[in-house]
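Everything below concerns the one structure shown next.
Read-outs: derived from the displayed coordinates by stated rules, not from any lab. Predicted model, so just to flag it, every value in this text is computed and none were measured. Heads up, the Cβs are rebuilt from the backbone with ideal geometry, glycines too, and the neighbour counts pull from every protein chain shown.
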Amino acid sequence: LSGSWDRTVRIWSFESKELEAVLKGHTAAVRWVGFSPDGKYIVSGSHDRTLRLWSAASVILEATEPKGHAGVVYSVGFSPDGKRIVSGSAD
């Protein structure tokens, strides 16, 4: 799993070393990405000041939080039970 300056999130196969999917939706560089504890979701944080929640299985955007931060999102994480998302920003 990787975030990129080209505004995408990429899912890679560890076994084959191949790219499995490219997730598009951010309008600026993706600073942080991570899986939920159960592996069902991916969360991404970006220089566009948004968090995005993706389905890991279907690679479909599930939700966007467009007004949560006034600055770049530098870090994002799930709570241990996967029910909450926390984020850190430059604001």
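Might you report the magnitude of the Cβ-based charge dipole of the chain about its Cα centre, with Lys and Arg at +1 and Asp and Glu at -1, to the nearest 20 debye?
Values: 11 positive and 10 negative charges, 41 e Å.
Result for the chain is approximately 200 debye, rounded to the nearest 20.
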Suppose we look only past 15 Å in the calculated P(r) of region 7-88. What percent of the Cα-Cα pairs does that tail hold? 54
All lysines inside 20 Å of Lys24 as judged from Cα atoms, apart from same-chain residues fewer than 8 positions distant: Lys40, Lys67
In sequence order, what are the phi-derived ³J(HN,Hα) couplings for region 79-91 according to the Karplus relation 6.51 cos²θ - 1.76 cosθ + 1.60 with θ = phi - 60°, rounded to whole Hz, with x for glycine and proline? 5, x, 8, x, 8, 9, 10, 10, 9, x, 9, 7, 7
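Could you tell me how many cubic angstrom of Cα convex hull volume region 13-56 has per residue? Let's see the in-between values first.
Working: hull volume 3.7 nm³, N = 44.
Here the figure is 83 Å³ per residue.
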